[in-house]
Amino acid sequence: MLSELGEQAKFLAGGQSLIPLMKLRFASPAHLVDLNFISGIAYIAEEYGTLRFGAMTRHAEIENSEIAAKVPMLRDCAAGIADVQVRNRGTIGGSLAEADPSGDWAVALLTLSAEVHCLGPAGERSLPLAQFVKDAYTTVLEPDELIKEVTVKFPPKGSGGAYLSCKRAAPVYPTATAAVELTVEGEVCQEISIALGCVGLTPIRAKEAEAVLRGQKISEKVLAAVGEAARAAADPQSDMRGSAEYKRTLAGALVKRAIQIAVRRARGEHIEVSPIYA
Ligand SMILES: Cc1cc2nc3c(=O)[nH]c(=O)nc-3n(C[C@H](O)[C@H](O)[C@H](O)COP(=O)(O)OP(=O)(O)OC[C@H]3O[C@@H](n4cnc5c(N)ncnc54)[C@H](O)[C@@H]3O)c2cc1C
């Protein structure tokens, strides 16, 4: 239908980004193709060490899924999005397709081995998440191509992760977010990936901050250096959520805190996290 209707048509998923944009007249599609009528594209499954999410899976379904909870960061992310109304409608596929610089999913998924599986008239293709988001509100999707599924490989044994956000109130987008996934052996961090959200046009992989911790014993001193490197990787703009300087400081602090939670989870502790309101 999208191919027939042309570029004036848009998919409708949960409507939690598209409908507000239409209300503000920032988007005026001539046609909406409602994905809610397609059966079999909302599911959470576990297969051969991989988690599979149908594109129409709601944030709330992931928040409440025992399968998804096996990768705790996924639950942290889903449960922290907006409020229960938005989580009941909004979908993982819609969130990734929207590529909002303040969106949560792309940040969390960037630290995991995540792939986006797309379907269009030219067939199917799969891309690592890092290659999917091109710019603010821009992805590699062709106008008549849809996200069909998102997959996440289970992290190896000894891994832990955490996704933290800081926001002003429940139904608003965060001021800054940080995702950390790491593997520890004894006191030493063997592998780590760090991503920052809301502090750039796209999620930022803080590779220099990762390099500070990789192969090191986790200590207060090293954590301080990681936080500083994450702060330097942030590239925020001042807006009504806070000054650029404030957001940079938040990013560094969130990364340090996320590492501490990730380490405890890697050691088998069960820790609940929720957004920090400030
Ligand atoms: C008050 C409020 C607060 C919010 N706060 C947050 C927040 O804190 N964090 C956060 O991450 N999000 C937040 N959101 C956004 C929410 O997460 C949306 O659910 C999400 O961004 C879009 O998902 P959707 O399913 O609603 O997509 P829709 O709004 O239906 O669609 C969004 C865009 O993606 C396209 N699209 C949808 N599905 C597909 C698909 N499968 N393939 C290809 N294209 C597709 C549509 O054509 C459209 O262009 C908030 C929304 C509201 C209304």
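The values are calculated or read from the model by the stated rules, or taken from the named source; none is laboratory data. This one's a predicted model, so the numbers in the text were calculated from it and none came from an experiment. Neighbour counts are summed over all protein chains in view; Cβ atoms, including those assigned to glycine, are modelled from backbone coordinates with ideal geometry.
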> Can we say ASP135 is closer than 28 Å to ASP239 by Cα and within 13 Å of the ligand (Cβ to nearest atom)?
Replying inline: no
>> Regarding the stretch 202-219, can at least one residue be identified that is surrounded by 15 or more Cβ atoms within 10 Å (Cβ to Cβ) and hydroxyl-bearing (Ser, Thr, Tyr)?
In response: yes
> Given the conditions (1) surrounded by fewer than 21 Cβ atoms within 10 Å (Cβ to Cβ); (2) within 22 Å of the chain's Cα centre (by Cα); (3) closer than 27 Å to LYS70 by Cβ, which single one is not true for VAL226?
Replying inline: (1)
>> Among the residues of the stretch 41-48, are any within 8 Å of the ligand (Cβ to nearest atom) and either in a loop (DSSP other than H, G, I, E, B) or within 24 Å of the chain's Cα centre (by Cα) (or both)?
In response: yes
>> Condition first: modelled with pLDDT of 95 or more and more than 14 Å from the ligand (Cβ to nearest atom). Can you find one or more residues in the stretch 116-125 that meet it?
In response: yes
> If you take just the helices (runs of 4 or more DSSP H) that sit entirely in the stretch 70-112, which of them hold at least 2 residues that are more than 6 Å from the ligand (Cβ to nearest atom) and crowded, with 20+ Cβ neighbours inside 10 Å?
Replying inline: 72-80, 92-98, 105-110
> Any idea which residue in the stretch 20-41 is surrounded by the most Cβ atoms within 10 Å (Cβ to Cβ), counting only those that are within 17 Å of LYS148 (Cα to Cα) and out of contact with any Phe, Trp or Tyr (no Cβ under 9 Å at 6 or more places or on another chain)?
Replying inline: ILE41
>> One residue is enough: does the stretch 177-196 have a residue meeting the conditions β-branched (Val, Ile, Thr), touching a Leu at 6+ places or on another chain (Cβ under 7 Å), part of a loop (DSSP other than H, G, I, E, B) and surrounded by 22 or more Cβ atoms within 10 Å (Cβ to Cβ)?
In response: no
> Conditions: (1) at positive phi; (2) without any contact (Cβ under 8 Å) to a residue 24 or more places away in the chain. GLY215 meets all but one. Number of the miss?
Replying inline: (2)
> Can we say GLY123 is over 26 Å from GLU210 (Cα atoms), without any contact (Cβ under 8 Å) to a residue 60 or more places away in the chain and of a type in the set (Gly, Ala, Ser)?
Replying inline: yes
>> One residue is enough: does the stretch 27-36 have a residue meeting the conditions touching a Ser or Thr at 6+ places or on another chain (Cβ under 6 Å), within 9 Å of the ligand (Cβ to nearest atom), assigned to a loop (DSSP other than H, G, I, E, B) and modelled with pLDDT of 95 or more?
In response: no
